[in-house]
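The values are calculated or read from the model by the stated rules, or taken from the named source; none is laboratory data. Given the structure is predicted, the values throughout are model-derived calculations rather than measurements. Using ideal geometry, Cβ is built from the backbone for each residue, glycine included, and neighbour counts are taken over all protein chains shown. In case anyone asks, the SASA skips ligands and DNA or RNA and just uses the protein heavy atoms, side chains included. Shrake-Rupley method; radii C 1.70, N 1.55, O 1.52, S 1.80 Å.
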Amino acid sequence: MDEVKLVMAAASTVVTQEELSDIAAYYDYKDELNKDVLSELLKTCEISENKKSLIYYYCFLYCRLADKDTSAVNNIKKIFSLPDSVIRSCQKIITKNKIDYIKKEFRENKKGPECVFKDNEPYVIRMLSNAVSQPLEADKKVFENLNSAEYEHPTDRSYLDNLNTNKTLERIIKLYSEYNFERMLMVQYTGSNIRATKKNLPYLYGALESVCRTLDVKEVPKLYVTQGSLNACTIGSSRPIIVISGICLSLLSYDELLFILGHEVGHIKSQHVLYHSIGNFLPYIANAIGNVTLGLGELAVKGIMLLLYQWYRMSELTADRAGLIACQNIDAAVSLMAKLSGYPPSNYNEIDNEIFLEQSAEFENLDNNTFDKLMKFLSVLYKNHPWTIMRAKELKTWYDSGEYTKLYNVSERVYQERKPKLNAFFDKKVYCTHCGKQIDSDDKFCIYCGKSNGYR
C-alpha cells in the first residue's frame, strides 16, 4: 500500500467525512473516499510493527486535539492486534501539556486537528517518534479466579491466625478504632496529595488497572501520589487507598511500577491493611497505655508488638509474590529491590541482578557466627519490613521452585481453604477473598462476584 493511501485509510477511522475530503485534497488523492472501504484496507496491508504503532499514535493525537473520546482508535488497535502498551506509550509521551501546546499552535495558524495527517512541524514528528521508540511489552496474563491463598507465604497465614485470636490485640484494635488513627491518616493523604485517575496521570492509573485485572481484584482502589523517596504504602482497612511517591514514575520501568503497585494490591487482597495500620501506630498506643497503667500495660503491648512485627515482615513476602504475579518479570522484581536498597539512579543502567542476589548469600553466612546471628535477630525485632536483599532472595527462590509457574497452569492451581478465625472487633465485616470487596462474614456468597465466602 502506498503512503498516501495508508494515510487516508488511517485517517478515515477517526476524522469526519469533511475532514477526510480536506486531507484528500491536500494529497491530491483521487480514489474513492468511502470510509468503510478505506478502513478495510488496513486489515489487508502488510506494514511493520513500528508503522502500525505510528498509525495508532497519529489517530490518538488527532482525537486528543479534536477533543474526541480516544476509544475511537480502539478499532485500529484491534485491526493491528497491538498490545495495551501502545496506549501506555501514548499516555506517557503525548501528555496534556503537549496537547495544549499543539492546540495553541494550530489555532494561531488557523489549522484544524486533521492537519496532523498532513506535513507536520518537527516538534510533532519528534514527539510521535519518541512514542514509537518506546518498547511495547506483551499484555500481561490475567489470572481469573485467583485466590490469595494460592501464593501466600505459609508463615504469613499462620502468624495472622495467631493474631486473630489474641485478646490483648483485640483491645488494642478497639482503642485504635476509638481514637480514629486511621481516619487521621486518610485525611492527611487525601488532602495533601494528587489523586491519579484516567484523566489525571493516566499512565499511572492504567498501570494500577492492569495490576487489578491481573490479580483478579474487581474494585480498583484510589491511588494518590506524594513526594519522597522510592516508596508506596496502603492505608485504610475499610476502604483502602494506595499512596505512591511521584519519583517512582521517573525512576522505575513499567514492569517495576507494576511490581510496586502489585505489592500494595496484594496487601489489600490478602487483607493485611488493618494490622499494618495498627503496626504503624502501635508504638504510640503502647506509650499511651503505659502512661495510664504506670508502665505495666506497655509491657504487655510490647509483647504484642513483637508478634505483630514478626507477622508484618512475613506479609511483605506475600505481597512481593503478588507484585511478581502482577509484573510477570522476575528481573524487574529483583532490579526494583536493588533500587530500593539504595542503588544510585545515575548507575541504574549498571544494575546486575546476579551480583545483587549474591549479596544475600553473604548476608546469610553471618548466621555461621553466633554473635552475628544474635545481632541480626535483635536488629530486626521491631522492624516491619525484612531486609531488602533477603526479600529479593526469597522471591527468586519461590520463582525458581516452580510454584510461580504453577499459577499459569489452571490444572496445577490448587485452591487452599482459608478460614481465618474472626473476633468481635471485625464487626462481621470482611473482604471477599476473590474480588476484594467488603461483605458480611455471615454471607454464604459474595454479593458482588457471587463466589463462595472463604470465611465460612
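Is there a residue in the range 253-266 that is in a strand (DSSP E or B) and more than 10 Å from the chain's Cα centre (by Cα)? Let's see the steps before the verdict.
Taking the range 253-266 and keeping what is in a strand (DSSP E or B), we get none.
No.
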Residues of the range 195-213 being modelled with pLDDT under 90 and either over 16 Å from I94 (Cα atoms) or of a type in the set (F, W, Y) (or both), in sequence order, are Y203
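Let's see how each residue does on (1) within 27 Å of K5 (Cα to Cα); (2) modelled with pLDDT under 85; (3) part of a helix (DSSP H, G or I); (4) not basic (K, R):
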site	(1), (2), (3), (4)
I79	yes, no, yes, yes
L82	yes, no, no, yes
I87	yes, yes, yes, yes
K92	no, yes, yes, no
N97	no, no, yes, yes
D100	no, no, yes, yes
K103	yes, no, yes, no
F106	yes, no, yes, yes
Considering each residue of the range 318-338, count those that are over 19 Å from S148 (Cα atoms), buried (at least 21 other Cβ atoms within 10 Å of the Cβ) and not small (G, A, S), and give that number.
-> 3
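Counting only residues that are among the acidic types (D, E) and in a loop (DSSP other than H, G, I, E, B), which one in the range 136-150 is surrounded by the most Cβ atoms within 10 Å (Cβ to Cβ)? It would help to see each step written out before you state the result.
Filtering the range 136-150 down to residues among the acidic types (D, E) leaves 137, 139, 144, 150.
Within this subset, residues satisfying the condition of being in a loop (DSSP other than H, G, I, E, B) are 137, 139, 144.
Numbers: E137: 18, D139: 13, E144: 9.
My answer is E137.
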Is there a residue being within 30 Å of the chain's Cα centre (by Cα) and either modelled with pLDDT of 90 or more or surrounded by 13 or more Cβ atoms within 10 Å (Cβ to Cβ) (or both) anywhere in the range 365-380?
-> yes
Identity of the residue in the range 18-71, β-branched (V, I, T) and open to solvent by 20 Å² or more (accessible area, probe 1.4 Å), that ends up farthest from the chain's Cα centre (by Cα) | V37
Filtered residues of the range 39-78 (kept if touching a residue at least 24 places away in the same chain (Cβ under 8 Å) and touching a Pro at 6+ places or on another chain (Cβ under 9 Å)) | L61, Y62, C63, R64, L65, A66, K68
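Using the structure shown, decide if K111 is in a loop (DSSP other than H, G, I, E, B) and of a type in the set (K, R). Working first, answer last.
On the way: in a loop (DSSP other than H, G, I, E, B): yes; of a type in the set (K, R): yes.
Answer is yes for this residue.
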